[in-house]
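Here's the structure, in structure tokens; my notes come after.
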Amino acid sequence: MQCAKCQDQLYEYFDGTLTPSQRESIREHLAQCPACFSAFEQERQFSKSMIGLLEQQSRDLRLAPQIRENVLARLQELKQENQISESRRRFLTYSFKKVGTGSLSVRPNGKTRRNRLLRPTRISIFGRLPQEILKIAAGIAILLAGFYGGNILWKKRATDIRTRLERETDWHYIMVSSRTCYFLNQPELQLMHGGKYHEN
Amino acid sequence: MNDPDIIAALKQGQASAIDEIIHIYGDRLLRSAFFLCGNQTEAQDLVQDTLIQVLQSIQTFRGESSLYAWMHGILLNLSRRLRRQNRLEYNNDLPNQMEAPRPAETERLDLKTASSAMRKALQALSPPHREIIVLRYFEAMKIEEIARHLRISKGTAKSRLHYATQCLRNLMPANLNLFRS
């Protein structure tokens with residue numbers, strides 16, 4: 001064995017992570033090589049001294065009691081933050097089925113799902129409706145009301161105009177779709193769309 | 001309470017898990033933090049921040065390493081962040097803070113003095129060298145564990161440890177002669 005290879009395995013030798021044959025090779029080399037033996041002995045001595053000195057230097061250190069109080073206070077804060085975000089989380093994850101286990105839960109595809117601290121184990125849609133759902137439902141209702149209301153008014157206006165023209169003139173119209181009509185004896189105004197005239 | 005029980009209790013937010021962690025690992029974390037940052041007050045703060053980070057991140061713990069190794073990884077990251085902040089804030093004061101012992105000291109050295117000299121020498125090391133010395137000789141990690149913990153290759157870990165021990169030997173007073181056979 002060469003000195004470089006022997007010294008490269010110095011730390012593993014002391015760790016005890018070499019195979020028995022590797023270990024035996026090193027021992028044979030150390031018996032014949034004073035330089036490598038010195039390097040190994042130095043590391044052994046250094047390690048022993050360092051462990052003793054570090055122990056001596058730190059043995060009187062104790063964690064301050066205040067730290068426990070501070071960490072517990074933070075734990076309480078985390079619980080409160082978790083409760084505040086609960087309704088938002090419900091909106092994002094509500095389901096008829098069980099969705100959370102309070103820890104890492106495994107999905108059917110084998111991936112894990114990260115749950116927040118103190119997540120409840122079961123969430124039901126039959127419980128109190130989250131505020132977010134009510135807000136979204138109200139928004140959709142306003143949009144639908146606007147759309148259908150506007151459409152009804154638009155159609156009514158178009159019908160009124162056609163009726164007035166038929167009454168005040170000798171024009172007659174035929175509806176070819178819900179929004180389009182042709183005037184029979186008025187070729188230049190054959191098309192009326194949405195209550196407006198379109199001249200050909 | 002063993003590690004899996006502590007982890008389960010932590011995930012449920014039980015205060016008893018905090019007590020258990022502090023009881024089992026608190027002082028050990030503090031001592032490691034002390035060697036990493038060289039200051040008792042900062043070490044206490046580091047451990048507190050580490051425990052809070054543990055609370056916030058426990059759901060991400062996948063059990064690939066021991067609970068202590070995971071917490072120590074958090075401590076190491078926080079100590080690096082603290083070092084960056086200190087470097088930004090006190091950049092001009094660094095040479096005065098890092099006073100390495102002089103090799104020509106002739107005072108009588110007992111174990112306490114040697115221990116104090118070692119601590120000063122440790123603080124005079126570069127941060128990567130100091131980290132690897134703490135992991136090897138205080139945390140008693142094997143080379144493979146150090147490499148995994150620092151996310152470096154085994155070869156880099158061995159090389160860094162070799163140079164760190166050389167630097168530390170050179171920084172220790174010559175008449176101390178502790179690191180020689």
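For beta carbons closer than 6 Å, sequence separation of 6+ or different chains, a first residue in the stretch A:1-26 that is farther than 21 Å from A:GLN45 by Cα and a second that is among the hydroxyl-bearing types (Ser, Thr, Tyr) and buried (at least 16 other Cβ atoms within 10 Å of the Cβ), the qualifying pairs are A:MET1/A:SER25.
Residues considered: A:GLN66, A:GLN45, A:GLN56. Of these, the only one that is among the polar types (S, T, N, Q) and more than 8 Å from chain B (Cβ to nearest Cβ) is A:GLN66.
Which residues, counting only those in the stretch A:21-79, are crowded, with 16+ Cβ neighbours inside 10 Å and among the β-branched types (Val, Ile, Thr)? The answer is A:ILE26, A:ILE67, A:VAL71.
Condition test on B:ARG148, is it surrounded by 20 or more Cβ atoms within 10 Å (Cβ to Cβ), modelled with pLDDT of 90 or more and part of a helix (DSSP H, G or I)? Considered against the rule, which asks whether it is surrounded by 20 or more Cβ atoms within 10 Å (Cβ to Cβ), modelled with pLDDT of 90 or more and part of a helix (DSSP H, G or I), B:ARG148 comes out as no. I'd like the full set of residues that are within 13 Å of another protein chain (Cβ to nearest Cβ) and among the β-branched types (Val, Ile, Thr), limited to the stretch A:1-42. The one that is within 13 Å of another protein chain (Cβ to nearest Cβ) and among the β-branched types (Val, Ile, Thr): A:THR17. Only residues that are of a type outside the set (D, E, K, R) and either assigned by TED's automatic domain parsing to the domain that holds B:LEU135 or touching a residue at least 60 places away in the same chain (Cβ under 8 Å) (or both) were counted across the stretch B:5-35, and they come to 4.
Are any of the residues in the stretch B:114-124 within 14 Å of another protein chain (Cβ to nearest Cβ), at pLDDT 90 or above and within 14 Å of B:LEU171 (Cβ to Cβ)? Checking the stretch B:114-124: not a single residue is within 14 Å of another protein chain (Cβ to nearest Cβ), at pLDDT 90 or above and within 14 Å of B:LEU171 (Cβ to Cβ).
Exactly one residue among B:ARG80, B:ARG84, B:ARG108 is modelled with pLDDT under 85 and assigned by TED's automatic domain parsing to the domain that holds B:TYR25, and that residue is B:ARG84.
Reported count of residues in the stretch B:46-83, each being surrounded by 21 or more Cβ atoms within 10 Å (Cβ to Cβ) and small (Gly, Ala, Ser), is 1. Taking every residue in the stretch B:60-74 that is assigned by TED's automatic domain parsing to the domain that holds B:ILE6 and modelled with pLDDT under 90 and pairing it with any residue that is part of a helix (DSSP H, G or I) and of a type outside the set (Asp, Glu), at least 6 positions away or on another chain, the pairs with Cβ-Cβ distances below 6 Å are B:PHE61/B:TRP70.
Each row is one residue, and each column tells you yes or no for (1) at the interface with chain A (Cβ under 7 Å from one of its Cβ atoms); (2) surrounded by fewer than 22 Cβ atoms within 10 Å (Cβ to Cβ).
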{"position": "B:ASP5", "(1), (2)": "no, yes"}
{"position": "B:ALA9", "(1), (2)": "no, yes"}
{"position": "B:GLY13", "(1), (2)": "yes, yes"}
{"position": "B:SER16", "(1), (2)": "no, yes"}
{"position": "B:ASP27", "(1), (2)": "yes, yes"}
{"position": "B:ARG31", "(1), (2)": "yes, no"}
{"position": "B:PHE34", "(1), (2)": "yes, no"}
{"position": "B:GLN44", "(1), (2)": "yes, yes"}
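The values are calculated or read from the model by the stated rules, or taken from the named source; none is laboratory data. Remember, predicted model here, so these are calculated numbers, not experimental data. Reconstructed Cβ throughout: ideal geometry from the backbone, glycine too, with neighbour counts over all protein chains shown.
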